[in-house]
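The values are calculated or read from the model by the stated rules, or taken from the named source; none is laboratory data. The structure presented is a predicted model; accordingly, all values stated were derived computationally and were not measured. Cβ: placed from backbone, ideal geometry, glycine included. Neighbour counts: every protein chain shown. Just so you know, the surface numbers come from the protein's heavy atoms only, side chains and all, with ligands and any DNA or RNA stripped out. Shrake-Rupley method; radii C 1.70, N 1.55, O 1.52, S 1.80 Å.
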Amino acid sequence: MTVSRDLMRHVHGWLLLTPAAILLIAFTHYPMVATLIDSFYSKGSAIRPSRFVGLGNYDSMMADPIFWKVLVNNMWFALGTIPVSIALAISMAMLVNQTLPGRSFLRMAYFTPTILPMIAVANIWLFFYSPYIGLIDQIAGWFGLPGHNWLGDPDTVLPAIIVMTIWKEAGFFMIFYLAALQHIPPELREAARLEGATRWYFFRRVLFPLLMPTTLFVLINAVLNSFKLVDHLFVLTKGGPDNASNLLLYYIFESAFSYFDTNYAATLTVVLLALLAVMALAQFFVLDRRIHYR
Amino acid sequence: MPGIEIRNLVKQWEAFRAVDDVSFDVPQGSLTVLLGPSGCGKSTILRMIAGLEDVSDGTVAIGGRDITRQDAAQRGVSMVFQSYALFPHLNVRENILFGLKVRRVAKADQETRLAEAAALVGLEELLDRMPAKLSGGQRQRVALARTIVSSQPVCLMDEPLSNLDAKLRAEMRDEIHRLQRKLKLTMVYVTHDQTEAMSMADEVVLLKDGRIEQIGPPAALYETPETAFAARFLGMPPMNVMPMDKFSERTGLGGMVPDAPANWRLGVRPEKIHISEQGLPVVVDAVDYMGAETVLRVHSGPLELMARIDGRALVEPGDELRLSWAPADIHMFDDRGKRRDLDRSETN
């Protein structure tokens, strides 16, 4: 009696678990394992079938100058976008959290870049950056400044993409900060004000620490986003010129679908996943200990 | 010295006047309670004294110095908020020291003041706790300690006890009162609770709709209320305020119901009403036995009133009795609710 009832309990448990498990295994876990296995095989072709090469793909990756360039680009991209967009997001959230006329319009305006499709955003900025006829060059022309091919110059292409990404991300992160700010009781500011705390002191000692849970969440998202960027590059630069704006995920896409080297793409994917996992865990464990959750 | 003088204070929110021409003084070292129902403007007045709210008109002076437009931090006031306003990410020690750190007080001085304040409110053991791990009463003590270390001569309290249960409220009430006297603080205390006002105040400022109804020591407010509102706001159960025209039969009541215009009202405190051989004939509607006293709710024709009888009254709902009161215990209010004192000759 008890044995069969125990058994039924397990069966029920597994039955409830199965639908979600099937989806997770089929679309997340199996592809991850398959990618890992693929990365140990050579590129196959009609005459030379794919064979096991161990860490061979990793060796050639280490020797691949484009891989290193893309990785360094990605690092600059992350360093260029994340701190600025977080700082902007906090300032914008603090601005629209005050009572000022047109507040809801301002909130909406800040959030607009986020709801636009990425391809549309990239097209808008493609116009901004166009040499001579683009918005930036036209405005620069009024001041007598010469035109510049922003996306065609290896020195300016990555900063140009960074500016656009900040424009897109800051409004999105602002929403999270705004929600967090609205949960901070106004008496805290008043209590600090009575003690003579300046706005900056209050921000540094009270507001920012209380926003830390949000900052951690936003930071992890921002890091993931900076390694996930593909669509803008696709429209704007295709990673060029000379890989000056190429980022890791776009390079994976190129390897797999332009050069048809899926095994090398698998290798790069494993590296990308490992990088993201390490960074997310590091942020989580290092910062989490210093964060106060209410 | 650091007494507070409020002159013709006004707070206007667009068309709405939250505080309307309010003037009063708080002598140095005394405790003044701003009392009134919710929405009467008492918290707004407190916030204007603190400098957290702009003053529309009038002046606030502390220690003879006009501070109406001065920055909140320069006014020499500390404040305890209804929600305590503790910083949730700082422990008790850091919460108490917050203001001293802002003002860059020397480290050694910080420590002695912290130790003193913690000892005064009994927080020595809890300095490393986070606010979330404290009980309501302990949080209240942290807020008090923060006020004490600030050593500001003026202390403002905005309904500090309203988040506590009844027993703790009585305890903290005594403690705040004890601290106020011990540290000789000039305190303005906002509450809607008449018990807090009666037991703590040196002076009560009773407010209604942004205006002052009456100012005076608790006993004066209780014994000679200036308006019908003041009469009914203080006292449990409240004073019976009865329209003159509802006394159908005046004969045989002697001095209990004086001659007065029909639109005036007659007030008698429930505890001044006695069961007697002669007087107003009433029917008992309900008997509330409270232990030390019994509250009778009775009616006499269209007139409803309450009487507070010492001990246990041996009456039942439905009983018919006669109630009486002494002419000296009568309060008369005119048609606008203002107190009118009758001449002796008139009352007889």
Q. Which residue pairs have Cβ atoms closer than 7 Å, lie 6 or more positions apart in sequence or on different chains, and pair a first residue in the range A:89-109 that is in contact (Cβ under 8 Å) with a residue 24 or more places away in the chain and under 20 Å from A:Arg199 (Cβ atoms) with a second residue that is assigned to a helix (DSSP H, G or I) and open to solvent by 40 Å² or more (accessible area, probe 1.4 Å)?
A. A:Met92/A:Tyr110; A:Val96/A:Arg103; A:Val96/A:Leu106; A:Val96/A:Arg107; A:Val96/A:Tyr110; A:Asn97/A:Gln182
Q. Which of the residues belonging to the range B:81-96 are crowded, with 22+ Cβ neighbours inside 10 Å and more than 9 Å from every other protein chain (Cβ to nearest Cβ)?
A. B:Val92, B:Asn95, B:Ile96
Q. In the range A:170-215, which residue that is touching a Gly at 6+ places or on another chain (Cβ under 9 Å) and of a type in the set (A, V, I, L, M) is surrounded by the fewest Cβ atoms within 10 Å (Cβ to Cβ)?
A. A:Ala197
Q. Which residue out of B:Ala292, B:Ala328, B:Ala307 is closer than 13 Å to B:Lys272 by Cβ and surrounded by fewer than 16 Cβ atoms within 10 Å (Cβ to Cβ)?
A. B:Ala328
Q) Taking B:Phe24, is it of a type in the set (Phe, Trp, Tyr) and within 14 Å of another protein chain (Cβ to nearest Cβ)? A) no
Q: Among the residues of the range A:200-231, write down those that are farther than 20 Å from B:Glu94 by Cβ and of a type outside the set (A, V, I, L, M, F, W, C).
A: A:Thr214, A:Thr215, A:Asn221, A:Asn225, A:Ser226, A:Lys228, A:Asp231
Q) Among the residues of the range A:232-281, which ones are of a type in the set (Ser, Thr, Tyr) and outside any helix (DSSP H, G or I)? A) A:Thr237, A:Ser245, A:Ser258, A:Tyr259
Q: Just need a number here: residues in the range B:258-298 that are within 31 Å of the chain's Cα centre (by Cα) and within 26 Å of B:Asp341 (Cα to Cα).
A: 12
Q) Only one residue in A:Leu287, A:Leu207, A:Leu219 is under 30 Å from B:Gln82 (Cα atoms) and outside any loop (DSSP other than H, G, I, E, B), so which one is that? A) A:Leu207
Q) Among the residues of the range B:64-78, is any under 20 Å from the mean Cα position of the chain (by Cα), open to solvent by 40 Å² or more (accessible area, probe 1.4 Å) and modelled with pLDDT under 90? A) no
(Q) Please return the ranges of strands (runs of 3 or more DSSP E) entirely within the range B:211-318 where 2 or more residues are of a type in the set (A, V, I, L, M, F, W, C), in contact with a Cys (Cβ under 9 Å, 6 or more places away or on another chain) and in the same structural domain as B:Met332 (by TED's automatic domain parsing). (A) none
Q: Would you kindly identify the helices (runs of 4 or more DSSP H) lying entirely within the range A:50-125 that contain at least 3 residues that are among the hydroxyl-bearing types (Ser, Thr, Tyr)?
A: A:65-96, A:103-115
